[in-house]
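Reviewing the structure listed below.
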Amino acid sequence: QAKYLAQIILVGAQVVGRAFMRALRQEFAASRAAADARGRSERPQSAAASRITGISLQEAQQILNVSNLNPEEIQKNYDHLFKVNDKSVGGSFYLQSKVVRAKERLDEELRIQAKDEKEKGRKAET
């Protein structure tokens, strides 16, 4: 009977292990597909900035609670969120770092847009 019990446990462990690996592969494929889709929806420079900073433009806008790229609104929301998440006032260093990363990502997007506008201006002159 111990032999049958060991076989049942072994077969059960194999089934669970295979199911876990299949779920892991599916999750990895879904994550990659989402990243690819996100990359295709953004302009090449913007997608590169998302990969470098590790945060998408949309996520950065959500973190700083801005709907458009208005530098004054971004700075105002950044200052407020950075201050309220300061560890010395009981805030979270993790959240504060997310706020900093979001600001960096939005600043980079503003820089990309300014560069694009400058290039469009040059093309219009010629």
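Put simply, of Ile74, Ile112 the only residue that is touching a residue at least 40 places away in the same chain (Cβ under 8 Å) and assigned to a helix (DSSP H, G or I) is Ile112. In this structure, is Ala19 modelled with pLDDT under 90 and outside the structural domain of Gln58 (by the TED database)? The answer is no for Ala19.
What residue, of Asn70, Asn85, is within 22 Å of the chain's Cα centre (by Cα) and either under 19 Å from Gln113 (Cβ atoms) or surrounded by fewer than 13 Cβ atoms within 10 Å (Cβ to Cβ) (or both)? Before the answer, list the steps.
Details: Asn85 fails: either under 19 Å from Gln113 (Cβ atoms) or surrounded by fewer than 13 Cβ atoms within 10 Å (Cβ to Cβ) (or both).
Step by step, each of Asn70, Asn85 is checked, and only Asn70 is within 22 Å of the chain's Cα centre (by Cα) and either under 19 Å from Gln113 (Cβ atoms) or surrounded by fewer than 13 Cβ atoms within 10 Å (Cβ to Cβ) (or both).
The residues of the stretch 91-126 that are open to solvent by 70 Å² or more (accessible area, probe 1.4 Å) and over 23 Å from Gln62 (Cβ atoms), listed by number, are Lys115, Glu117, Lys118, Glu119, Lys120, Arg122, Lys123, Ala124, Glu125, Thr126.
Note on the stretch 45-67: residues that are outside any helix (DSSP H, G or I) and at pLDDT 90 or above amount to 3.
The values are calculated or read from the model by the stated rules, or taken from the named source; none is laboratory data. Since this is a predicted model, take the numbers as computed values, not measurements. Counting neighbours? That spans all protein chains shown, and the Cβs are built from the backbone with ideal geometry, glycine included. To get the accessible areas, we keep the full protein, side chains included, count just its heavy atoms, and leave off ligands, DNA and RNA. Shrake-Rupley method; radii C 1.70, N 1.55, O 1.52, S 1.80 Å.
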